[in-house]
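Notes to accompany the following structure.
The values are calculated or read from the model by the stated rules, or taken from the named source; none is laboratory data. The structure presented is a predicted model; accordingly, all values stated were derived computationally and were not measured. All Cβ positions, even for glycine, are placed from backbone atoms using ideal geometry, and neighbour counts span all protein chains on display.
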Amino acid sequence: MIKRGQFSFDLMIVVGIMLVLFLALFQFYVGKAEGAANTRAKLSAKAITDSLAARINSVAQSGNGTVSRFRLPQTIADGKNYTIGIPGRRVEVSADGMSVSSLISAAATVSGDLNLKKGGEIQISNVDNGIFVE
């Protein structure tokens, strides 16, 4: 027959093991949730760069005098702030230590305000077969 003190000790051991198990599972869940949030932000940023690069390419290929407007979101996935710019021949978005970019395939030179303002509308113009962003 198990003494009352022995049963209490066994119960504490079982509860302790269960607590350690639940803490390990919780830590695993938190890590996966953070990874999913980072993936959402990266995919959202990549969608912005792909869309803007495609719009620039389209304006460049449409010829002189073509004008297009593009609206940039205020934030990317999960409300993260970001910066967007056009360094060289690519559109680049940076946020929270990650950076994604998309190439601009058009042969035209891109000029204008290349540090774009998020949350606003930008105008992309083909002026004398060069791309002007404002």
With Ala77, Ala37 as the choices, which residue is in contact (Cβ under 8 Å) with a residue 40 or more places away in the chain, surrounded by 10 or more Cβ atoms within 10 Å (Cβ to Cβ) and touching an Asp or Glu at 6+ places or on another chain (Cβ under 6 Å)? Ala37
Kindly indicate whether any position in segment 93-110 is closer than 30 Å to Asn129 by Cα, over 24 Å from the mean Cα position of the chain (by Cα) and not small (Gly, Ala, Ser). yes
Residue pairs, Cβ under 8 Å, 6 or more apart or interchain, first in segment 103-121 and over 17 Å from Ser62 (Cβ atoms), second surrounded by 14 or more Cβ atoms within 10 Å (Cβ to Cβ) and modelled with pLDDT under 80. List them. none
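Going by the conditions given, is Ser44 free of Cβ contacts under 8 Å to residues at least 60 places away in the same chain, outside any helix (DSSP H, G or I) and in contact with a helix residue (DSSP H, G or I) (Cβ under 6 Å, 6 or more places away or on another chain)? Full working, then the answer.
On the way: free of Cβ contacts under 8 Å to residues at least 60 places away in the same chain: yes; outside any helix (DSSP H, G or I): no; in contact with a helix residue (DSSP H, G or I) (Cβ under 6 Å, 6 or more places away or on another chain): yes.
So Ser44 fails the test.
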Can you tell me which residues in segment 100-128 are touching a helix residue (DSSP H, G or I) at 6+ places or on another chain (Cβ under 8 Å) and surrounded by fewer than 16 Cβ atoms within 10 Å (Cβ to Cβ)? Leu103, Ser105, Ala107
Give the residues of segment 40-74 that are surrounded by fewer than 16 Cβ atoms within 10 Å (Cβ to Cβ) and not small (Gly, Ala, Ser), sorted by residue number. Arg40, Leu43, Lys46, Asp50, Gln61, Asn64, Thr66, Val67, Arg69, Arg71, Pro73, Gln74
Criterion: under 30 Å from Asn126 (Cβ atoms) and touching a helix residue (DSSP H, G or I) at 6+ places or on another chain (Cβ under 7 Å) - qualifying residue of Thr83, Thr49, Thr66: Thr66
Does Ala37 fit the bill of being hydrophobic (A, V, I, L, M, F, W, C), part of a helix (DSSP H, G or I), within 26 Å of Ile84 (Cβ to Cβ) and modelled with pLDDT under 90? yes
Out of everything in segment 88-134 that is among the acidic types (Asp, Glu) and on the phi < 0 side of the Ramachandran plot, what residue ends up being modelled with the highest pLDDT? Glu92
